[in-house]
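Inspection log for the structure reproduced underneath, given as structure tokens.
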Amino acid sequence: MVLTRGWWAVLVLLGMGVWATVTSLPTLATAGGGLSEIISEDTPAVQAQIRALEIFGLPLLTRTAVVQHDPDGLDPYAQARATLRAAEVDEPAYRGRPTPPLLLAVPVFDGLPRGLPEGLTPGSGALTPETLTSAGPTTTIVTYLFTDPRAPTWLQEQVARDYAARIDHPGDHLLGVSGTIPLQSEQGRLVAEHLTAVEVCSVLAVALVVALAFRSVLAPVITLIAAGTSYVVADHLAGTVAAAFGVSAPAQLEPVLVALALGLTTDYAVLFLSGMRRRLRAGEDGLTAARGAVEDYLVIVVVAGTTVAAGVGALSVARTELFQAFGPGLALTVLSSLVVSVLLVPPLMTMCGRALLWPGRPARQGTDEAAQFEPDRGRSRFIGLITRRKGVAPAAAVAALAVLAVSALPLTSLREAVSPMDSLPAGNPVRVAWEGAAAGFAPGVLSPTEILLTGSDVTARPESLARLQRALEDRPGVAGVLGPVQGRLPDAVPDRYALFLGPQGDAARFLVVLDADPLGARAIETLQALQRDMPTLLAAAELDEVSAAYAGDTALGLGLVESARADLVRVAVVVAAVELVLLVLFLRSLVAPLYLLGCSLLVVASALGLTSLVFGELGQEGLIFFVPFAVGALLASLGADYNIFGVGDVWQAARTRPLAQALAEAVPRSTRAIGTAGITLAASFGLVALVPLAPFQELAFAMAVGVLLDTFLVRAFLVPALIWWVGPASAWPSRRLRAPSPHPVATGTSGTTG
């Protein structure tokens, strides 16, 4: 076989290919975009914002703001300075010559400003919404910075930071810059800052687990070389696709690719290494052992890798832009791990030869076939119990299924968020600034929702608009509403700018401040209920023929959540169909693939249920909306991966042995390799939690728990119990499990179904 006999040539060619990839292709960090950059302009919330800007000539929404806060009250001079700073920016705009990208600065006070110098009032440079101010002292000033929405997000953030840098007086109590643009920028910074820690800790975890499992120095070295190469290749390929077609995962999700590349490559390396170790201990020479291990597991590794790639790639059928971007990035990572594992691990094993086991026990010459299998004694006792005692297999299967079902129950009350401020770690400057603004006003003050009404002569009905505004103010979850009733611009603003009433008379708008984190589950649910009830509210205000559109971050978040829910069935069906077809083709059976797929889906539900329960107890409103999809696709695909590893061994052993003997031989043997692979995969994903952001912590927990459930409950107990309970019918329509073949197979062969 070329991979072993021509190992040196394979290594040279692979090295040249990796060198060319690294030196000529971009990485995901340089080519990938942010989460905000994959939102299409066709999104209803974006279209509503564009339409409002066309009608009114002045943006009402901003994603950056500067926050000043003192719980004991800001002194009048600090309030005066805030007003003067805004006036300096606003004066060119009022003369009709705004200076892009900063178009307007609007400070809002949470109390009634007192003691300002004569002639300087908030009305001269600030919008004072009575519904959001109190009669007490001013403790908080939020200065909204309205920038050209067409400007890059990094430029909009820089404008805000430059503005904040002018607030240098100690009495101004500057907390900093906040808003959704700084939030996303901070998320990207935290990912980049902690990515190295994720990589280093993952490498150390893989090295430790493999070294302990094989009691060898060279086994973890081979694994780490393959895993590192896989990640480097995957990173550059994903970056290339991102640059060329814009269909790769956002750069903020790079830790997931690290975990996937390291975990999968380790899985495949462990299989090859296990096969070679078994043969070396049976007395074979290095070349023969390496070739035999490749023959044993090459088909399994290729089929398993293809299954995982197809499963995660199925995310591309979604209509949500994020999933369309996420799927190809994951699939490329899986395929890179597969190709590198196949081309790199066998040549390295051949090069090491009999030294692979050093400093472990030397190979034993003349060992009989049974000694090759290195059974897990605990699994051996379990297999003996279910095959010898009637009723044990059904009881074990029902007990395991009950554990999974109970773990999945919290999933029934799952709530979805998008990217709330409290997803940042406590003490983060962007979160601290938001918390200050929330203390003075309401949690949604930095990202209000704009409601655009369009209809003939809508501005000519002030009483109807006032009734609608009062109805909006009375809605649960609404902290305040700015609209035609009290909202006004400074007198110096030219007539071509409009705030709440369209200059052509056919449009009006409201600014709704929610009493919740604008991208959290509660705010999204509040806006969803408002959209559902809006026809009734319009009818009550005698605005039946008027249409409503919604803009703002909460509206964008609701659109993402609703799109994700609509994609749920589509993606689940495609993923399940892909896994089922590949299992049917590999096992040549119609029965076993059904319950094996069912087990994998139960693992997904259990992992997400436990994640929802744990993070709910920690105070989070809901899971970040993309986490269930990523976890579902990954765990379902990896479940099929482990099905191929473990059940393939049983099917192969059953070619020459009765089912009971095949289980007794294959399950304990494969459990060791699957256990090592599962632990390393769980550790790789678990270490993603080193990134101190809620999405990564949720995904890390769900993946680690799911992989461990799959490895130590489903593969070790549930699947063997189901195979014995269902019996030879598992292989229907073939007769693979009914009678042993009269023709023996070569010693040491395992895992293929050829």
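Here are some notes:
- Screening the range 84-109 for residues that are surrounded by fewer than 19 Cβ atoms within 10 Å (Cβ to Cβ) and modelled with pLDDT of 85 or more and picking the one that is farthest from T139 (Cα to Cα) gives E88.
- Every residue from the range 559-587 that is more than 18 Å from W732 (Cα to Cα) and touching a Lys or Arg at 6+ places or on another chain (Cβ under 9 Å): S563, A566, D567, R570
Condition check ((1) in contact with a Cys (Cβ under 8 Å, 6 or more places away or on another chain); (2) part of a helix (DSSP H, G or I); (3) within 24 Å of C599 (Cα to Cα)) across all residues:
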| position | (1), (2), (3) |
| --- | --- |
| T387 | no, yes, yes |
| A395 | no, yes, yes |
| V398 | no, yes, yes |
| P410 | no, yes, yes |
| S419 | no, no, no |
| A426 | no, no, no |
| A433 | no, yes, no |
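- Boolean, D567 is at pLDDT below 90, within 30 Å of S464 (Cα to Cα) and surrounded by fewer than 23 Cβ atoms within 10 Å (Cβ to Cβ): no
- As a summary of the residue check, A716 satisfies the conditions (1) modelled with pLDDT of 90 or more; (2) crowded, with 22+ Cβ neighbours inside 10 Å; (3) hydrophobic (A, V, I, L, M, F, W, C); (4) within 33 Å of the chain's Cα centre (by Cα) except for the one numbered (1).
- In the range 279-301, the qualifying residues are those that are farther than 16 Å from G6 by Cα and of a type in the set (V, I, T), and the one that is farthest from the chain's Cα centre (by Cα) is V299.
- Restricting attention to the range 453-493, the residues that are at pLDDT 85 or above and more than 42 Å from the chain's Cα centre (by Cα) total 11.
Condition check ((1) modelled with pLDDT of 85 or more; (2) outside the structural domain of S316 (by TED's automatic domain parsing); (3) in contact with a Gly (Cβ under 9 Å, 6 or more places away or on another chain); (4) surrounded by fewer than 23 Cβ atoms within 10 Å (Cβ to Cβ)) across all residues:
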position	(1), (2), (3), (4)
E41	no, yes, no, yes
P44	yes, yes, yes, yes
Q47	yes, yes, no, yes
L74	yes, yes, yes, no
A78	yes, yes, yes, yes
P117	no, yes, no, yes
T138	yes, yes, yes, no
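- When E199, E193 are screened for being among the acidic types (D, E) and in contact (Cβ under 8 Å) with a residue 40 or more places away in the chain, only E199 passes.
- Among the residues of the range 321-331, at least one is modelled with pLDDT of 85 or more and either within 30 Å of P44 (Cα to Cα) or assigned by TED's automatic domain parsing to the domain that holds A633 (or both).
- For R381, the criteria (1) in a helix (DSSP H, G or I); (2) within 32 Å of the chain's Cα centre (by Cα) hold in every case but one, which is (2).
- Test for V603: is it free of Cβ contacts under 8 Å to residues at least 12 places away in the same chain, out of contact with any Lys or Arg (no Cβ under 7 Å at 6 or more places or on another chain), part of a helix (DSSP H, G or I) and within 28 Å of S637 (Cα to Cα): no
- Residue within the range 655-663 that is over 20 Å from V312 (Cα atoms) and surrounded by 24 or more Cβ atoms within 10 Å (Cβ to Cβ) present: yes
- Neighbours by Cβ (under 8 Å, 6+ apart or cross-chain): first from the range 615-639, closer than 18 Å to G329 by Cβ; second polar (S, T, N, Q): I624/S419; I624/S423; V627/T611; V631/T611; L635/S600; A636/S600; S637/T307
- If the condition is being crowded, with 19+ Cβ neighbours inside 10 Å and outside any helix (DSSP H, G or I), then the range 196-238 contributes only S216.
- Residues that are within 24 Å of D517 (Cβ to Cβ) and surrounded by fewer than 17 Cβ atoms within 10 Å (Cβ to Cβ), drawn from the range 150-183: W154, R161
- Unmet criterion (only one of (1) surrounded by 24 or more Cβ atoms within 10 Å (Cβ to Cβ); (2) at pLDDT 90 or above; (3) not hydrophobic (A, V, I, L, M, F, W, C)) for P692: (1)
- Test: residue in the range 436-447 that is of a type in the set (A, V, I, L, M) and assigned to a strand (DSSP E or B): no
- Answer residue from the range 210-267, given it is under 23 Å from A20 (Cβ atoms) and aromatic (F, W, Y) and is modelled with the highest pLDDT among those: Y231
- The listed residues are L273, L237, L260, L183, and the only one of them that is closer than 27 Å to R291 by Cβ, out of contact with any Phe, Trp or Tyr (no Cβ under 6 Å at 6 or more places or on another chain) and touching a residue at least 24 places away in the same chain (Cβ under 8 Å) turns out to be L273.
- Scanning the range 502-550 for residues that are surrounded by 14 or more Cβ atoms within 10 Å (Cβ to Cβ), farther than 17 Å from L60 by Cβ and among the β-branched types (V, I, T) gives I524, T526, V546.
- Scan of the range 585-622 for residues that are aliphatic (A, V, I, L, M), surrounded by fewer than 23 Cβ atoms within 10 Å (Cβ to Cβ) and out of contact with any Leu (no Cβ under 8 Å at 6 or more places or on another chain), ordered by number: L585, L590, V591, L601, L610, L613, V614, L618
The values are calculated or read from the model by the stated rules, or taken from the named source; none is laboratory data. Note that the structure is a prediction, hence the values are computed from the model and not measured. Cβ atoms come from the backbone with ideal geometry, glycine included; neighbour counts cover every protein chain shown.
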